[in-house]
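The values are calculated or read from the model by the stated rules, or taken from the named source; none is laboratory data. All figures in this text were calculated on a predicted structure; none of them were measured in a lab. All Cβ positions, even for glycine, are placed from backbone atoms using ideal geometry, and neighbour counts span all protein chains on display. These area figures cover heavy atoms from the full protein model, side chains too; ligands, DNA and RNA do not enter into them. Shrake-Rupley method; radii C 1.70, N 1.55, O 1.52, S 1.80 Å.
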Amino acid sequence: MPPPGAGLATDMTTVGLIGSGNIGGTVARLAVAAGHDVVLSNSRGPETLKELVDELGPQARAATPAEAAAAGDLVVVTIPLRAYREVPVEPLAGKIVIDTNNYYPERDGRFPELDDESTTTSELLQRHLPESRVVKGFNNIYFRHLLALARPAGAADRTALPVAGDDAAAKATVTAFLDSLGYDAVDVGALAEGWRFQRDTTAYAALYSADPANDWERPAPVDAERLRAALAAARRYADS
């Protein structure tokens, strides 16, 4: 696991999680290992998170989504896209929000503006949270690989993850947070460029698998150079 708090501002100590499933639970595990406090939430109520909170220990507690949003210095929204309008707006005003959303029509229903590629998932969340600073991240990696590939700063096999956002300072904070968890970051640009690592692109989850055709569970480190090449090779759905 990475060293606690490496590279993150000392006042950034509490991570709020709206959604505590595979990705949310994994981010929480990495955050606690790095010395951060976490406040977990889901749509089913704090009592359903007892097992995860017990596993994480005294640095973790469960709350409602609004309470997690209010408590977090940094907040991770990791819920199905179909529910993005349920994310509490007021307690996230002025805060940095990491959006892990991907669009799966069979799960989420149809979004015409995503189908015609006139916007992206994180731009939808930014529109819903006009006073927040949304950064896209954690959406392009399988949760087991996210847990397994964390490495200390300077490790030869350290992996890079992409981020996109419209606020440079917010992206710098998220980059520092990723560093504390054990990852380098590649800045892809504005939120509108988040399509480059959306579902089924060259920079999506299979990139981090050693053998995606036969052994999905086996992770493979991806350095910044390789990630940049995959991002550059990405094509919009209409062009692929």
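Arrange the residues 216, 195 by how much accessible surface each exposes, largest first, with a 1.4 angstrom probe.
216, 195
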| note | The orientation-averaged projected area of the Cα convex hull of the range 14-234, in nm², is 11.5
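Can you compute the charge dipole magnitude of the range 15-160 about its Cα centre, using +1 on each Lys and Arg Cβ and -1 on each Asp and Glu Cβ, nothing else charged? Give it in debye, rounded to the nearest 20.
The calculated dipole for the range 15-160 is roughly 300 debye.
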| request: Give me the percent of DSSP beta bridges within the chain that run antiparallel, rounded to the nearest 5. | output: 15
| task | Pick out the long, greasy-scoring helices in the chain: whole DSSP H runs spanning 18 Å or more along their own axis by Cα, mean Kyte-Doolittle at least 0.0. | result | 168-181
| Stretch in the chain that is longest and holds no trypsin sites (Lys or Arg not before Pro) that DSSP places in a loop and that have at most 10 other beta carbons within 10 Å | 111-240
| Considering only the other residues whose Cβ falls under 9 Å of the Cβ of residue 80, what net charge follows from Lys and Arg at +1 and Asp and Glu at -1? | +1
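When the accessible area of the chain is computed with all protein chains present and a 1.4 Å probe, what percentage of it is carbon and sulfur? Don't skip to the answer; put the middle values down first.
On the way: 5150 of 10270 Å².
The computed percentage sits at 50.
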| field | Label-to-label distance, nm, for residues given as residue 111 and residue 216 (7 Å Cα→Cβ offset) | value | 2.2
| query | Given H placed on each backbone N at 1.01 Å, which residues far from residue 16 in sequence or on other chains put an amide H within less than 5 Å of it? | reply | 39, 72, 73, 74, 75, 76
